[in-house]
Structures are given as structure tokens and as C-alpha cells.
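The values are calculated or read from the model by the stated rules, or taken from the named source; none is laboratory data. Given the structure is predicted, the values throughout are model-derived calculations rather than measurements. Here the Cβ positions follow ideal geometry from the backbone for every residue, glycine too, while neighbour counts run over all protein chains shown. Calculation scope for accessible area: heavy atoms of the full protein, side chains included, ligands and nucleic acids excluded. Shrake-Rupley method; radii C 1.70, N 1.55, O 1.52, S 1.80 Å.
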Amino acid sequence: MLEKVEGFNMEKVIEEFEEVTKDAGRVQIETLRKILEDNSEAEYLQNLGLNGRTDPQSFKNCVPLVTHKELEPYINRMIDGDLSSILTSKPITTMSLSSGTTQGKPKFVPWNDELFETTVQIYKTSFAFRNKEFPITSGKALSFIYSSKQFKTKGGLAAGTATTNVFRNSRYTVAMQALKSQCCSPEEVIFGPDFHQSLYCHLLCGLIFCDEVQFVSSTFAHSIVHSFRTFEQVWEDLVADIRDGVLTERVTVPSLRNAMSKILKPDPNLANIIQTKIMGLSNWYGLIQELFPNAKYVYGIMTGSMEPYLKKLRHYAGDLPLLTSDYGSSEGWIATNVNPTLPPESALYTVLPQIGYFEFIPQNKADSDFIDVEPQPVGLTQVKVGQEYEIVITTPAGLYRYRLGDIVKVMGFYNSSPQLKFVRRSSLLLTINIDKNTEKDLQLAVEEASKFLAEEKLEVVDYTSYVDVSKDPGHYVIVWEISGEASEEVLSECCNCLDKSFVDAGYTSSRKVNCIGALELRVVRHGTFQKILEHYIGLGSAVSQFKTPRCVGSNNAKVLQILNENVVNKYFSSAFNN
Ligand code: AMP
């Protein structure tokens, strides 16, 4: 029997999910109708000649597929303060700033209350399914969540990251209480102006409420790993704070000091318990499980560009299961995880047919993934199992037939709604001439090469890449930060292995005839990727939404500068030398 909590009946949520997924085709038609009716006064739609029609075929005939670039002129008018009905009937008053780390620069996308509703809907759905398998009775969550700076655009619109817009919604706390996922840190910590200090306070709150913590989470898994790497550095200060009931001087922000003073009391007994637990760990294995004895799982987005952090996260989590959360973007939500027992590597995201209108562009290998043939999207219920697609979304916040740039694979159906595996971002990462390597190809190469490091009990803390075409022939540069010092011999082996692990025929054939030069592995100083994170935070990103850019474009001068200034060693591959 699933429990009822005020304002949230889990059985009902599951029933509703069953209903809409059984009838996904009809629900999609209905959802499109509602979006188009609600926004019939939008200038964008009016100019396209829909003339009040709301059926999928007319929509497809009249409305073009677009990317962010085509919508930018409309979005820029809103940013500049034009409050007419541009993309939506009701003027947009808030913008989300997407993290931008995957595409080089942050971009503005519209945000409205309807998107908040879909957020609550998706959180409720995944919680209801999660709670069937891993019931949470009462308690708190240690959530490493941070609000980014909120600012006003030139024309006076409020802007912040999508997660910030969610956290700042007055209904957020109520929703989280209903989901028993209330953050154990006070609001001041989430909204603190300095993320290092907020992170320290999150950790401290987690320890103070360690017996009540039911799960440990963040929006993206990177942030959880980052938090416990920080814990390794600062744990003695945390324990001292708890012992004496006095907050370390490293926290200087008055609002944080004030909020923490209300919950931090001298507790030598707890300090001793924590210290003993930490001393008993071997290389921090099982840290999360030890510190939070009642935690049921670790939770956050763990697929796609987060997969490289899973190994470290498992190490910290010990026996606690890792549960990936939902699938969405600043532009809108897409799908939810209703199979929480699957490990993140095999996670399936089931599309919620009532939160947006979805189309899918088949990725045809024969056409080559990356050549721009006129795409022919299919509807949600027409997708085929085993096929890869690029997702196209139509949202209640004014995006119509918007190419999200994500590639997913259909793994099956939940009733009649597809279950997706996230594959990769569609953009190519590394290319010099006929070679084509994606984010996933790079991840696999790094995983393969880092096995040599594992033999030395070392690991890749983080990585990125770029192409260097300043000399002919151009070559790939892979940048690694590693957890300790590896010998020249091992790193040379890693470098050769990276070169050999890009198996795309365009790459290997170009390497053989030296149309692409020897791959270069650059090892950077400890803390380099932290500097990159800080750079993005400075641009308005939120730590919890941060994704390390896996390829740095030549236009990203600042990140290239950070990388170049921190190189400690360079290796060139000899893998293709005769
Ligand atoms: P943002 O720029 O922060 O809005 O990031 C949105 C992007 O993050 C999506 O377009 C995906 O590429 C990625 N993303 C979001 N959720 C997931 C997920 N569950 N698995 C893999 N990637 C995800």
C-alpha cells in the first residue's frame, strides 16, 4: 500500500501515469492542441498561418523545425523587454540560462509557470515509482543544490538557470515537502552567493542531520562527486565545527553564518562518531553509506555526460544504489525514470506524453549521422525499438518543433510511450577532416586508456579535448587531470591507447597516412577543472547544472587559457608510427 501525504497521493500519480502512457498517441494530440490553443495569439504562430488549426499534420506542415539560432531574434526581443505575445500568448517574464557547457556558450530560453508545473509533475511521477522500491518514511535529503545568480536582462526580465527558476518558485518547498525530499540545509545555503561556502555548509548540515538523511542527491552526478572530493579536503574542519559548535572562519557570508548558527550546536559525541567512521574507511570507500546510515540511495542525473563520474560515485556510495533521476533540459522536460532499480548504465527514461509534444528525427547511419539531409521526424508512438533519434520538442513555454540536439535510442515501450536511453549530444566533438568523433567516442577512449592508470591506483578526475589545427596536420589534444602522479611510461601508454581507441574509420585512415597528426595527451595540474567550473559559475551557470565541456572550441579562449596555463606534461602518441 503506497502512502498518502498531504497534497500528494502516490497511488493516484501512478494511476495517472498508467492512463496517459496507455493512451500516449491521443494524449500527444491533446497536449499539442492545448499548447497551440493557449498560444494562438503568439506572433510566431500567427505568422506561420496555422489559422487556429491544432492538429499534428497542420502543425507539421506550417511550423518549421528550428534550432535555438532561428529563435534567437524572437528571444532577443523578449530579453530586450518586448512584452508583446511573441512566442506565447502570455508574455514571458522569466528566462532560463542553459548551462551552455555542452555548446560553448550559455543561451537564453523562455521559462513560465507551465514549465514549473511540468517539473512538479515529473518529480512526482519518478518519486512515486522510486518510493515503491526504496520507501522513504520521513526525514531529509542531503541535496547539493545551488541557486545561480539571478539577474535582470537589459529589458528587465528575471533570468537565472532553470534549476534556479525552480528553486525560486514559491511552491518549490511545498512540493519538496510533499515528496519528502526536503533539503536538510536552510534556504540561505541554497541561495548563498559563494558556492564554496554553500558547499561547506551543505556538508555540515548533512553531518548534523546525518541520521535523518534519507538520500543524497544533486541535479547532476558531477556535483555529488565534487562535494565528496571536497569532503576529503575539509572533513577535519567539519568535525571541529561540530565538536565546538562554532562555524569555521572560512564561511564569511553573514546570511550563511546566521542560518548555520541556528542549527550548529556543540556535539562532541557526534564529532567523535564521525571521526571514528572516517578513520575506519579505506581510501574513502563507502563514505556516503557510512556517514548517512539511514540513506537509501544516491540520486541525480547519472547518464550521458555524467557517466564518467559513476565509478567514483560508486566508490563513495559503497553498497548504496545509484539512481538516475529524470531527463530534461532548460528548454523543457522529456522523460522520467520509472525503473529505479536499473543501474544508471542501463537506465530507461519513459516519455511523459502530457508535458510536451515530441517528435523524433531518425538517425540514419547510411546517410551518415552528420550530413544535413532534410529530416523527417516521426511522432512519439511511431518510433521503432532499436533506432536512434534526435529529439524535437514543442513546449508550453513557446518552443515549437525545437531541435534539442540530443540523440536517444528507443529501447522499448512503457504501455505505448517510448522508453529512451540517452545516447549523446548530436553535435560532433572532434573532427579535423573526414573523422567524426562524438562525446561518447571520447568517453569510451578515455575509459579504455585510463585502465593503465587504474593499475597504478590512479584515476582520471576529469577530462576534456580540443582539436589543434594551428599546425598542419591538425591533431587531437586530450586533456586529463589525474588523481596523483603517474610515471612517464604509463602516461605514454595512455596516450597511445587513446589514439588507438578512436575506432572511427575516418580517424584511423587519416592517422595512418598522417592527414591527422599524433594525438597529444596533456596532463594538467590538480584543481584545473575546478577553475573551469568557477569560470562557468562566473558566467551565470549553477554548480548543480554544471557539465564539464568535453570539447573546447577555439572560440572558448578563457577555458583554453586555463588549460594551457596548467599543463604539467605533454605526450604524443606513437601508436601509428611504423
Ligand atoms: P541544460 O543546458 O543544463 O539545460 O542541460 C540540458 C542537457 O543536459 C540535455 O539536453 C541533455 O543533453 C543533458 N541531460 C539532461 N538530462 C539528462 C539525462 N537524464 N541523461 C543524460 N543527459 C541529460
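What is the Rg over Rh value, at two decimals, for the range 1-99, using alpha-carbon atoms and the Kirkwood definition of Rh?
Computed over Cα atoms, the ratio is 1.10.
Per DSSP H run of at least 4 residues, take -39500 (n - 2.57); add these up for the chain, divide by its residues and hand me the 222 nm value, nearest 500 deg cm²/dmol.
-11500 deg cm²/dmol
Got the relative contact order for the chain handy, in percent, Cα pairs under 8 Å and 6 or more residues apart?
Relative contact order comes out at 15 percent.
At q = 0.19 Å⁻¹, what is the log10 ratio I(q)/I(0) for the range 429-572, with the Debye formula run over Cα points and no solvent?
Debye output, listed in q order: -1.17.
Taking the Cα centre of the chain as origin, sum charge times position over the Cβ atoms of Lys and Arg (+1) and Asp and Glu (-1), and report the length of that vector in debye to the nearest 20.
Taking the Cα centre of the chain as origin, the dipole is about 420 debye.
Counting only Cα, what are the radius of gyration and maximum Cα-Cα distance Dmax of the chain, in Å?
When restricted to Cα atoms, the chain yields Rg and Dmax of 24.2, 71 Å.
Among bridges DSSP assigns within the range 429-572, what percent are antiparallel (round to 5)?
Working: 14 of 19 bridges.
Bridges in the range 429-572 are about 75 percent antiparallel.
Taking all protein chains in place and a 1.4 Å probe, what share, in percent, of the accessible surface of the chain do carbon and sulfur account for?
50
Can you compute the FRET efficiency between Asp80 and Leu48 using 1/(1 + (r/R0)^6), with r the Cβ-Cβ distance and R0 = 25 Å? Round to the nearest 0.05.
Plugging the Cβ-Cβ distance into 1/(1 + (r/R0)^6) gives 0.65.
For each pair in Lys436/Lys500; Lys140/Lys296; Lys471/Lys512; Lys132/Lys409; Lys384/Lys547; Lys384/Lys409, compute the distance between the two Cα atoms and list the pairs where it is over 20 Å. Please list the in-between numbers first.
Details: Lys436/Lys500 14 Å; Lys140/Lys296 11 Å; Lys471/Lys512 18 Å; Lys132/Lys409 27 Å; Lys384/Lys547 30 Å; Lys384/Lys409 9 Å.
In this structure, Lys132/Lys409; Lys384/Lys547 lie more than 20 Å apart at Cα.
What does DSSP give for the chain in terms of the percent of beta bridges that are antiparallel, rounded to the nearest 5?
Working: 50 of 71 bridges.
Antiparallel: roughly 70 percent of the beta bridges in the chain.
Could you work out the equivalent-ellipsoid semi-axes for the range 135-320, taking the square root of 5 times each eigenvalue of the Cα gyration tensor, largest first, in whole Å?
Whole-Å semi-axes of the equivalent ellipsoid: 26, 21, 16.
How much net charge surrounds Ile278 when only other residues with a Cβ under 15 Å from its Cβ are counted (Lys, Arg +1; Asp, Glu -1)?
It works out to a net charge of -2.
How much accessible area per residue does the chain have, counting only protein heavy atoms and a probe of 1.4 Å, in square angstrom?
That works out to 41 Å² per residue.
Just subtract the alpha-carbon distance of Lys262 and Asp113 from 0.36 nm times their residue separation and send over the number in nm, one decimal.
Gain in length upon complete extension: 50.3 nm.
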